[in-house]
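Below is one structure, written out as structure tokens, with a few remarks after it.
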Amino acid sequence: MASFRAPETKREQFRRYLEKSGVLDSLTSVLVALYEEPDKPDNALDYIKVHLGGVVCADPTDTEVLHAELADLQQKFNLLMEENKELRNKLLQYEPSPEEGAPQQPEGVV
């Protein structure tokens, strides 16, 4: 009979662990929200994942579109950084350096 009680003890310990860490409260609140949802979602598991803070896996075609957009934006970023660098270099050609005796503006004057 002692071997019969041992699994119950482990179950009870695990239940207390889940309760203490807030898992049971979180699951209960999400399930209650799903129950009270007037328009039940088509995929209950996705609903639970989203409301527990998880991310639902994206559609592979969406992922491909996002990767293409990311690559395009990275390319534009690199071009803009290069243009910025060139413009800064041009600007330095026209601005006298402080060593050349350029008039200093008083502090606080913009």
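The values are calculated or read from the model by the stated rules, or taken from the named source; none is laboratory data. Since the model is a prediction, treat every value here as computed from it, not as a measurement. Note that each Cβ is placed from the backbone with ideal geometry, even for glycine, and that neighbours are counted across all protein chains shown. With ligands, DNA and RNA removed, areas are computed over all heavy atoms of the protein, side chains included. Shrake-Rupley method; radii C 1.70, N 1.55, O 1.52, S 1.80 Å.
Do we find a residue being part of a helix (DSSP H, G or I), open to solvent by less than 100 Å² (accessible area, probe 1.4 Å) and at pLDDT 90 or above anywhere in the range 88-104? Taking every residue of the range 88-104 in turn, at least one turns out to be part of a helix (DSSP H, G or I), open to solvent by less than 100 Å² (accessible area, probe 1.4 Å) and at pLDDT 90 or above. Remark: Lys76 matches the filter, which requires a residue to be open to solvent by 100 Å² or more (accessible area, probe 1.4 Å) and at pLDDT 95 or above. Selection of the range 12-52 for residues being within 25 Å of the chain's Cα centre (by Cα) and assigned to a loop (DSSP other than H, G, I, E, B) yields Ser21, Gly22, Pro41, Asn43, Leu52. Filtered by the rule that a residue be open to solvent by less than 80 Å² (accessible area, probe 1.4 Å) and more than 23 Å from Gln13 (Cβ to Cβ), the range 23-48 gives Ser29, Val30, Val32, Ala33, Leu34, Glu37, Pro41, Asn43, Ala44, Asp46, Tyr47, Ile48.
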